[in-house]
Amino acid sequence: MDEKSPAETKPASPPEARDETSRNGMFGSLRFETIGSITAIVVGVAALYVSWDQGRVMRQEVRASVWPALQVDGFYDTARGNLDIGLRIQNAGVGPALIERITVRHRGEIVPDLADLRSRIDGEADFSFETGAGRILAAGDEVVPFVFHFSRPEDFSPDGEVLDTATGTGMLSDAWSVEVCYCSSLDQCWTSDTSTAPPTEVTACDAVPATDL
């Protein structure tokens, strides 16, 4: 039987080389696991953001689908030969509006109720009234809380002259203002007034004294 010569015997690796090879394999595995973990975290964060963004967009779409927008206008109408002076509130939005309060001011002073309102305009004029506060106004609907009827338009003019619509409306705007606070079915609230400014979002309809309308 032949025996291998010493030249044919493969020398064993030194312990240091074996330890280095083992460490390289271990570190390579750890690097791979670290990269995998970071990738999983990034993917998870991205998925969370996408989910949050979709929820935000859906909430905005729901709010937009029930958004009310009240237009508050005083009117001075002489179209039928007599004179009608009043307040009109119209919902130009796409969702219902709950009117929480109506505040009428005359020369900056809050008018507390209808009796005071009538005394400031004309206690002898014919008068009609609809409840405004607490009313739910559907999209496209309107309410006219009050109207004063004058059979002789000149009776309302300080100079006893018949005023045209533009002049009469301007005279009313200089002395009178109205603010309405209202909320949507999602409890978002806004104020709107007789100026040309768009509705202003508020956290809630505040406790400002209101006119009893």
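Some notes on this structure:
- Selection within the range 143-168 - open to solvent by less than 70 Å² (accessible area, probe 1.4 Å), within 12 Å of Asn82 (Cα to Cα) and out of contact with any Ser or Thr (no Cβ under 8 Å at 6 or more places or on another chain): Phe148, Phe150, Glu154, Phe156
- Consider the range 73-93 and keep the residues that are of a type in the set (A, V, I, L, M, F, W, C) and surrounded by 19 or more Cβ atoms within 10 Å (Cβ to Cβ). The one that is nearest to the chain's Cα centre (by Cα) is Ile89.
- Considering residues of the range 175-190 that are open to solvent by less than 50 Å² (accessible area, probe 1.4 Å) and part of a loop (DSSP other than H, G, I, E, B) only, the residue farthest from Cys205 (Cα to Cα): Ser184
- Residue in the range 191-198 that is more than 14 Å from Ile102 (Cα to Cα), of a type in the set (Val, Ile, Thr) and within 19 Å of the chain's Cα centre (by Cα) present: yes
Quick grid of which residues meet (1) at pLDDT 95 or above; (2) of a type in the set (Ser, Thr, Tyr):
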site: Gly108; (1), (2): no, no
site: Ser119; (1), (2): no, yes
site: Gly123; (1), (2): no, no
site: Gly134; (1), (2): no, no
site: Glu142; (1), (2): yes, no
site: Ser157; (1), (2): no, yes
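- Screening Phe148 on (1) in a loop (DSSP other than H, G, I, E, B); (2) touching a helix residue (DSSP H, G or I) at 6+ places or on another chain (Cβ under 6 Å); (3) touching a residue at least 40 places away in the same chain (Cβ under 8 Å) shows it passes everything except condition (1).
- Condition check for Thr191: more than 21 Å from Phe127 (Cα to Cα) and out of contact with any Pro (no Cβ under 6 Å at 6 or more places or on another chain): yes
- Leading residue by the ranking (surrounded by the most Cβ atoms within 10 Å (Cβ to Cβ)) among those in the range 94-142 that are in a strand (DSSP E or B) and touching a Leu at 6+ places or on another chain (Cβ under 6 Å): Ala97
The values are calculated or read from the model by the stated rules, or taken from the named source; none is laboratory data. Keep in mind it's a predicted model, so treat the numbers as computed, not measured. Note: ideal-geometry Cβ built from the backbone for every residue, glycine included; neighbour counts use all protein chains shown. Accessible surface is based on the protein model in full, side chains and every heavy atom, while ligands, DNA and RNA are left aside. Shrake-Rupley method; radii C 1.70, N 1.55, O 1.52, S 1.80 Å.
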